[in-house]
Amino acid sequence: MDMDFVIEGLRIGMIGQCNHEKRKIWIPKELVTGGQKVFSEKYVPRGRDLVFEVQMWNVAPNYMFGMPNMFKVYDTDQDGYLTKKEVGEYFVNVEKQHSGPLVTKLVNLFMADDDTDGDNRVSFDEFKGPKWDTNASRRDEL
Ligand SMILES: [Ca+2]
Ligand SMILES: [Ca+2]
């Protein structure tokens with residue numbers, strides 16, 4: 001995603017958000033980065049913690065925004081399940097600058113949110129993030 005248009009903490013906080021779902025997202029100041037082209041300093045001050053209240057009005061399939069199927073991106077061993085390790089590696093690799101306790105916290109939040117049956121891994125059905133491909137019936141393609 002083009003970071004000129006997206007605030008990093010908001011992007012992470014909105015992962016898995018459903019249509020009509022309202023979230024209050026607290027963003028630590030280290031994650032108030034990006035989005036310079038959309039959010040001016042006047043509305044989104046940098047260098048301090050922010051709280052956003054975000055309501056999702058319409059969820060379009062991610063491929064419409066040129067985003068990949070995130071389930072496949074996370075599922076590095078392609079066994080059809082996401083483990084803490086896989087999700088953790090994704091966060092560490094992509095947000096290298098935010099590794100450490102924050103990553104652990106994000107991974108735990110993700111697992112708590114998506115691992116609905118509590119077996120410590122996230123199946124394709126449990127996964128709430130963007131997982132659509134360019135044509136409509138995904139499961140068999142995993
Ligand atoms: Ca896996
Ligand atoms: Ca599970």
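Need the list of lysines near K42 for cross-linking: C-alpha distance under 16 angstrom, and skip anything on the same chain fewer than eight residues off.
K29
Could you compute the net charge surrounding G16? Neighbours are other residues with a C-beta less than 12 Å from the C-beta of G16; K and R count +1, D and E count -1.
On the way: positive: R11, R23, K128, K131; negative: E21, D113, D114, D115, E126.
My count for the surroundings of G16 gives -1.
Read the figures in this text as sums done on the coordinates, not as results from a lab. Computed from a predicted structure; not experimentally measured. Using ideal geometry, Cβ is built from the backbone for each residue, glycine included, and neighbour counts are taken over all protein chains shown.
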